[in-house]
1. Out of all the residues in segment 252-287, which are part of a helix (DSSP H, G or I) and open to solvent by 50 Å² or more (accessible area, probe 1.4 Å)?
2. Just wondering, is there one or more residues in segment 10-28 that are away from the ligand (no atom under 15 Å from the Cβ) and out of contact with any strand residue (DSSP E or B) (no Cβ under 6 Å at 6 or more places or on another chain)?
3. Tell me yes or no: at least one residue of segment 324-332 is touching a His at 6+ places or on another chain (Cβ under 7 Å) and surrounded by fewer than 23 Cβ atoms within 10 Å (Cβ to Cβ).
4. (1) open to solvent by less than 10 Å² (accessible area, probe 1.4 Å); (2) within 16 Å of the ligand (Cβ to nearest atom): which one isn't true of Phe168, the others all being true?
5. Can you tell me which residue in segment 441-475 is surrounded by the fewest Cβ atoms within 10 Å (Cβ to Cβ), limited to those that are hydroxyl-bearing (Ser, Thr, Tyr) and farther than 25 Å from Ala271 by Cβ?
6. Counting only residues that are closer than 19 Å to Leu427 by Cβ, part of a loop (DSSP other than H, G, I, E, B) and not acidic (Asp, Glu), how many does segment 144-185 have?
7. Just one of Gly18, Gly38, Gly48 is under 25 Å from Met137 (Cα atoms), assigned to a loop (DSSP other than H, G, I, E, B), in contact (Cβ under 8 Å) with a residue 12 or more places away in the chain and not β-branched (Val, Ile, Thr); which is it?
8. Asp43 passes all but one of (1) assigned to a helix (DSSP H, G or I); (2) out of contact with any helix residue (DSSP H, G or I) (no Cβ under 7 Å at 6 or more places or on another chain); which number fails?
Amino acid sequence: MVSRVIPVDPFDLTIFGGTGDLARRKILPGLYRRFRSGQMPEDSRIIGAARSDLDDNQYRDEVRAALKEFVDRDRLDDASLEGFLDLIRYVSIDAMGDAGWKELKAHVRPDHISAFYFSVAPSLFGPLAERLHAYGMADQSTRIVVEKPFGRDLESARELNRTLAEHFDETQIYRIDHYLGKETVQNLMALRFGNVLFEPLWNSQYVDHIQITVAETVGVGGRGGYYDRSGAMRDMVQNHLMQLLCLIAMEPPSQFDPDAVRDEKLKAIRALDPVKPDSIVRGQYTGKGSTPSYLEDVEAEESNTESFIALKVNISNWRWAGTPIYLRTGKRLKARQSEIAVVFKDAPHSIFGAEAGRHRNILTIRLQPNEGMTLGVTIKEPGPGGMRLIDVPLDMTFAEALGAENDQVTDAYERLVMDVIRGNQTLFMRGDEVEAAWAWTDPIIESWDSTDRKPFPYEPGSSGPEESAMMLHRENRRWREIRE
Ligand code: NAD
């Protein structure tokens, strides 16, 4: 099946932090793939802007090296690579001072769509917004893309929103959460609202509970300092898991447009109950063999920061009252896996008797690896010997099912950057959404900050602390296995 690639209008995209890790690993490779697919007009410009003192050609060499490292070999052909590098410019700039701003302005063409990607530390968001305004690059059509973290609590998020609002309207601000750019996440909306089959069952009458797991095998790596001030709740739950929860739990929007979708997400966040202390399990990984412990990774003698968290969340509304949503995320776990599982209730009466066992329909939405959805259905085990039941998956791995060529499976970042150029904010977080998410998160964090309670230790390569399994066990439920 060949997908249609609809070119966007020519644009000038400035990447503040264009020499940084995120630009090299995600933003530039994504842009390259969009260029290669034919979506990006050749009259576009990509302007790297960062502190290093480089000229255009030196920056192109850096971009070339990044693409060679982070783009699949079979998608790197010389013609596309050179064509893409032709679009690249570089400006050495100081976000906190005046150096480089006039040069940048000379590159940004007033008759093109202009977007500025803030791929720098959040402390620079305000100074960048201010200077874009002061140097005459912020008109009504300008778009800015803001990376996470968006604040570290409600107060700082409000402050950031206020600062950006001094220079840009909400319709110009694209707060990125790359989970929303994943193919499966959008497919979740297509599944819920494009079929008649699921929505009638999508409520507490038929759904026993929902599990959202984002498991990583890596430790905190080189980000130890940042992570130790943040922890899994701030780094993952407040944003990524919360966004997934919203899309699962929200009411059907009246249309697929930015404000209609975001209004429904906001209502879902506002309906979340405060979380009770016995519905939270925090963990911190220990060392094992040559694998360093969390404390060694962050180079600290002591730390109460969680590298794992599991939570039971209740939503107080007609649709979900009585159906808990369990959230779990952590580092150095058994496998790298992001998954949403909707676990339906037992059939009201089993006509097959107790020996047929317990069978439940589970809809699994896999975000990584191998994006796809699986619906577990119960059927008769083939063959003679009576009515034995087994659960089999109705599997839809997108790349296979759609016969998608590599080029059609787009990475989250590239999809989202193209949405910025198209001016479509549906998959970006609105300011009030982010604030509502922090308003729910803050008391949870305060509840452990005020008690000095230590996270439970867990071994690298495990599924997190035992207490996390026990939290579900107490309610006669169990976590799905973490596996690739
Ligand atoms: P990085 O430290 O690798 O790069 C920082 C960039 O900012 C460099 O290009 C540097 O030149 C530039 N910079 C720093 N001070 C500057 C100044 N005064 N003026 C102009 N440029 C300046 O950081 P990163 O890992 O690329 O992260 C960038 C942003 O993206 C951060 O907000 C981070 O939290 C967020 N983020 C990163 C990742 C990731 O995987 N790296 C993932 C999600 C979010």
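1. Step one: of segment 252-287, the residues part of a helix (DSSP H, G or I) are 258-270, 277-279.
Asp259, Asp263, Lys267, Arg270, Pro277, Asp278 - these are the residues of segment 252-287 that are part of a helix (DSSP H, G or I) and open to solvent by 50 Å² or more (accessible area, probe 1.4 Å).
2. yes
3. Within segment 324-332, one or more residues are touching a His at 6+ places or on another chain (Cβ under 7 Å) and surrounded by fewer than 23 Cβ atoms within 10 Å (Cβ to Cβ).
4. (2)
5. Residues of segment 441-475 hydroxyl-bearing (Ser, Thr, Tyr): 441, 447, 450-451, 458, 462-463, 468.
After this cut, where a residue has to be farther than 25 Å from Ala271 by Cβ as well, the list is 450-451, 458, 462-463.
Numbers: Ser450: 8, Thr451: 10, Tyr458: 24, Ser462: 19, Ser463: 23.
Of everything passing the filter in segment 441-475, Ser450 is surrounded by the fewest Cβ atoms within 10 Å (Cβ to Cβ).
6. Result for segment 144-185: 6.
7. On the way: Gly38 fails: under 25 Å from Met137 (Cα atoms); Gly48 fails: assigned to a loop (DSSP other than H, G, I, E, B).
Of Gly18, Gly38, Gly48, the one residue that is under 25 Å from Met137 (Cα atoms), assigned to a loop (DSSP other than H, G, I, E, B), in contact (Cβ under 8 Å) with a residue 12 or more places away in the chain and not β-branched (Val, Ile, Thr) is Gly18.
8. Only one criterion in (1) assigned to a helix (DSSP H, G or I); (2) out of contact with any helix residue (DSSP H, G or I) (no Cβ under 7 Å at 6 or more places or on another chain) is unmet by Asp43, namely (1).
The values are calculated or read from the model by the stated rules, or taken from the named source; none is laboratory data. Computed from a predicted model, the values in this text were never measured in an experiment. FYI the Cβ positions are ideal-geometry reconstructions off the backbone, even for glycines, and counts take in every protein chain you see. Note: accessible area is taken over every heavy atom of the protein model, side chains too, but ligands, DNA and RNA are not part of it. Shrake-Rupley method; radii C 1.70, N 1.55, O 1.52, S 1.80 Å.
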